[in-house]
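Scroll down for the structure; my scribbles are underneath it.
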Amino acid sequence: MENNKIMIDYKHRQAGHCESGATSNLFNFHGVEMSEPMAFGIGNGLYFSYLPFLKLQFAPMLSFRNLPNTVFHRSMKYLGVDATVIKNFKEPKESMAVLDQNLEKGIPTGMQVGVFNLTFFPPEYRMHYNMHNIVAFGREGNDYWVSDTVMEFPQRISFEDLQRVRWAKGAFAPKGKMYWINNVRKELDIKSAVEKGIKKTVYEMIKIPFPLIGVKGIHWLAKDLKKWPKKHGNETASFYLGQIIRMSEDFGTGGAGFRYIYGAFLKEAGEKFNNPDLLAASVLMGHAANHWREFTYIGARNCKNRSKPEEDYGKLSEMLHEIADMEKEVYVKLDKIKI
Amino acid sequence: MEEESNPVYKNQSYGQFRELFYSYGADGSFEKRVGYHGESDRVTLQQAWDLFNDRIEEARMKVKAGLASPILYYMEKTLVTPMDLSMHAGIMVWRVKRHLKPKVFNRLSEKTLKKYTDAFNITLEQLKNVD
């Protein structure tokens, strides 16, 4: 192994969500001040889907975020930034060689990785989840320096381990996917990007004619939640409920299934463009997010005492319906906004 | 950003990791805070791992009793279903399911076993002997 040391002057800042954190850090590296919520909002991070016919770790699959790489891809598109995304490689060796070339050129490079074999991750979080993102910014001998925005500090990972996580298999396999920014124009049209970002998110949350996605998906989940104890028994029902809570609070979500981050985005945009409607929407989003947190807090009691539920599932289901209505109010409001 | 001490969960490794959380205050501001996971997150994570560990233990018993092949044990240990394992190892699902029988497992070729050891990231020695 060659023993030369490469270190790019890349500032690691901790963030709530891995991909929008990575995107905002990459922007900062190229001299554009961009906060994490801003990247998250412009890149349509917010989402909801409930897919009961698919199972993730033995419980129904649901997601509070968009597909991997959406945040980076869309924020680049809406802001008109020159960026490169390599969707997949044929050979693991090739993907590592391209990474090395980039580091030699001084380009910090983002990568999609699987969590299961990520050595610096706490063992309890290592599940088969292939939508994590890290940014490599240095190499020292056989080790790479990577910035994982969920972690507090930059981490070291060996060549073999990095190759393994980049080629993790299973659903949403990363296949060595990597992305980086080539260069950024000095004057970015943030206003129109925000407008496009909000429009797309509104479309995805209330206008897709499919019942399992967006606000309709939350209603569907609420309906199902009520039936779980009878259908599967208390043990399993509480495990499924635990899955909702895990997906909304763990895995670097910033809390309440990204709703806080989106609220922060609306507030920041509202202040930037002096728009009272956006500020009002951010308040509504904040309340909805607080409700999500309350739901997880109350729901967790059922998970603690698994065979005898302390809380009525009917009540929890009511809460979810309420949250869905609150969120819908935000999106309907955003739909009419002119920035 | 405020500091927090977390003496209770120091023995669990996720107790030592701090994450960034957002919150919404009554005054209408969104705040960032670096801290440890709250009670409800721990409960649900613990619940998941209790279930996984039960399944792993059950699989170990089965393998020891000769009712299942070691593949079942490692499958549960790496938290995958036969469907996932089929993708990880590149072997068709019905074959993976068949390989869970000890009788079939004992007849497997080196080539097939290698596919499994690569998928589980273990040695052949480990695959054949479940501790």
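The values are calculated or read from the model by the stated rules, or taken from the named source; none is laboratory data. Note that the coordinates shown come from a computational prediction; the quantities given were computed from them, not determined experimentally. Glycine also receives a Cβ, built like all others from the backbone with ideal geometry; neighbour counts cover every protein chain displayed. We work out accessible area using only protein heavy atoms, side chains counted, and drop any ligands, DNA or RNA first. Shrake-Rupley method; radii C 1.70, N 1.55, O 1.52, S 1.80 Å.
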Of (1) under 20 Å from A:C18 (Cα atoms); (2) in contact with a helix residue (DSSP H, G or I) (Cβ under 6 Å, 6 or more places away or on another chain); (3) β-branched (V, I, T); (4) open to solvent by less than 10 Å² (accessible area, probe 1.4 Å), A:V165 fails just (2)
Looking only at the stretch A:100-141, which residues are over 16 Å from A:V165 (Cα atoms) and assigned to a strand (DSSP E or B)?
A:F137, A:G138, A:R139, A:E140
Among the helices (runs of 4 or more DSSP H) confined wholly to the stretch A:17-99, which include 1 or more residues that are surrounded by fewer than 22 Cβ atoms within 10 Å (Cβ to Cβ) and in contact with a Gly (Cβ under 8 Å, 6 or more places away or on another chain)?
A:70-79
Would you mind telling me which numbered condition in (1) more than 14 Å from chain B (Cβ to nearest Cβ); (2) within 21 Å of the chain's Cα centre (by Cα); (3) closer than 17 Å to A:E94 by Cα A:F159 fails?
(2)
The conditions are (1) within 14 Å of chain A (Cβ to nearest Cβ); (2) over 20 Å from A:D161 (Cα atoms), and B:E125 fails exactly one of them. Which is it?
(1)
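Let's see how each residue does on (1) open to solvent by 20 Å² or more (accessible area, probe 1.4 Å); (2) part of a helix (DSSP H, G or I); (3) out of contact with any Ser or Thr (no Cβ under 7 Å at 6 or more places or on another chain):
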| site | (1), (2), (3) |
| --- | --- |
| B:F52 | no, yes, yes |
| B:E58 | yes, yes, yes |
| B:K62 | yes, yes, yes |
| B:G66 | yes, no, yes |
| B:I71 | no, yes, yes |
| B:M75 | no, yes, yes |
| B:L79 | no, no, yes |
| B:M83 | yes, yes, yes |
| B:R95 | yes, yes, yes |
Which residue is farthest from the chain's Cα centre (by Cα), if the candidates are limited to the stretch A:102-124 and must be over 23 Å from A:K87 (Cβ atoms) and open to solvent by 10 Å² or more (accessible area, probe 1.4 Å)?
A:G106
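Per-residue answers, yes or no, for (1) among the aliphatic types (A, V, I, L, M); (2) closer than 14 Å to A:V146 by Cα:
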{"site": "A:N4", "(1), (2)": "no, no"}
{"site": "A:I8", "(1), (2)": "yes, yes"}
{"site": "A:Q14", "(1), (2)": "no, yes"}
{"site": "A:C18", "(1), (2)": "no, yes"}
{"site": "A:A22", "(1), (2)": "yes, yes"}
{"site": "A:F29", "(1), (2)": "no, no"}
{"site": "A:M34", "(1), (2)": "yes, no"}
{"site": "A:A39", "(1), (2)": "yes, no"}
{"site": "A:G43", "(1), (2)": "no, no"}
Filtering the stretch A:63-78 down to residues that are under 19 Å from A:L212 (Cβ atoms) and at pLDDT 85 or above yields A:T70
Does any residue of the stretch B:89-100 turn out to be within 17 Å of the chain's Cα centre (by Cα), among the basic types (K, R) and modelled with pLDDT of 85 or more?
no
(1) touching a residue at least 12 places away in the same chain (Cβ under 8 Å); (2) open to solvent by 10 Å² or more (accessible area, probe 1.4 Å); (3) out of contact with any Ser or Thr (no Cβ under 9 Å at 6 or more places or on another chain) all hold for B:H88 apart from (3)
